[in-house]
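Heads up: the structure comes next, in structure tokens.
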Amino acid sequence: MSDLVDKAELLRSLHVPGDPLVLPNVWDAAGARLVVAAGFPVVATTSNAIAAALGYEDGERAPSGEMMFVAQRIAASVDVPVTVDVEAGYGMTPEELVEQLVGIGVAGCNIEDSDHAHGGLLDVDARASYVAGMRAAADRIGVPLVVNARIDSFLPTSRLADDHKRADAIARAAAYRSAGADCVFPPGAGPDDLRAVAAATGAPLNAGLPLNGGSQVGGTLDALRTIGVVRVSVGPQLYRGALDRLRSDVRLLSEVRRKEVRDPSPT
């Protein structure tokens, strides 16, 4: 238990405004080891990629037991802190969720406020109460779990009008931070939105980072540093890039195979 406490404290200490923790999100133990070998001090998972690799759609379509098993294997494969994307909590109580996370040896988690059963967003007060329950459970167990509260106001799935998204995100950030979240993550927020959330709430921010020239409204790493974010993550981008490479290699192999069928070597 003391090792996990140390990892959680290390993870929290790496959230520095203007010098953000950079998280390459992985979906298996092999990827986690590559991240550590590259010198990153923390491993993060992506539920989107884990679910896809298991053959499920994102949005809590994958059984929680399978998702947690993969997270456990990732945590067991490296010596650095691991933070896990647990979507909206898989219907567990906050106490059950924290007990599972501590049990599989992870130091932190993402918890989001999308309503996967009915669409839109979960009630802000109910979600703040959930975060508070997580913090209380972590305190009771004695592990300072790092909670990153994802705010989905800016996503199309939120069903919010564009002119209401920023105000909703600010309200949620303030509520989740007061409830005990260590940082908040509004994916899809532009630079002005990020600044507004930070200015209105003082909440430490996680932002998304585009890779390989991809378009993501958060901006470049330098821009995010200027805004003062404390962590950046890439979501399922690495997984999709790996699939693109696999797709290309499989097509090449298929072309070679067809050529050999058309033009067999003389015997």
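The values are calculated or read from the model by the stated rules, or taken from the named source; none is laboratory data. Computed from a predicted model, the values in this text were never measured in an experiment. Because the Cβ atoms are built from the backbone with ideal geometry, glycine has one as well, and the counts that use them run over all protein chains shown.
Of all the criteria given as (1) on the phi > 0 side of the Ramachandran plot; (2) touching a helix residue (DSSP H, G or I) at 6+ places or on another chain (Cβ under 7 Å); (3) charged (D, E, K, R), the one not satisfied by Asp193 is (1). When Ala117, Ala128, Ala138, Ala88 are screened for being within 18 Å of the chain's Cα centre (by Cα) and of a type in the set (Gly, Ala, Ser), only Ala88 passes. Filtering the stretch 178-205 to residues that are surrounded by 19 or more Cβ atoms within 10 Å (Cβ to Cβ) and acidic (Asp, Glu) leaves Asp182, Asp193.
Between Leu224, Leu194, which is within 24 Å of Val43 (Cβ to Cβ) and of a type in the set (A, V, I, L, M, F, W, C)? Even if it seems obvious, please write down each step before you answer.
Details: Leu194 fails: within 24 Å of Val43 (Cβ to Cβ).
Checking each option against the conditions leaves just Leu224.
The single condition among (1) under 26 Å from Gly202 (Cβ atoms); (2) charged (D, E, K, R); (3) more than 17 Å from the chain's Cα centre (by Cα) that Asp3 does not satisfy is (1).
Yes/no per residue for (1) modelled with pLDDT under 95; (2) within 21 Å of the chain's Cα centre (by Cα):
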residue: Asp168; (1), (2): no, yes
residue: Pro187; (1), (2): no, yes
residue: Leu209; (1), (2): yes, yes
residue: Gly235; (1), (2): no, yes
residue: Glu255; (1), (2): yes, no
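For the stretch 82-105, the set of residues classified as closer than 19 Å to Val184 by Cβ and not polar (S, T, N, Q) consists of Val84, Asp85, Val86, Glu87, Ala88, Gly89, Pro94, Leu97, Val98, Leu101, listed by residue number. Flag set for Ala175, criterion: more than 27 Å from Asp6 (Cα to Cα) and buried (at least 19 other Cβ atoms within 10 Å of the Cβ).
Residues in the stretch 117-135 that are assigned to a loop (DSSP other than H, G, I, E, B) and buried (at least 18 other Cβ atoms within 10 Å of the Cβ): Leu122 alone.
You will find that of Ala203, Ala207, Ala171, Ala189, the residue that is part of a helix (DSSP H, G or I) and in the same structural domain as Leu121 (by TED's automatic domain parsing) is Ala171 and no other.
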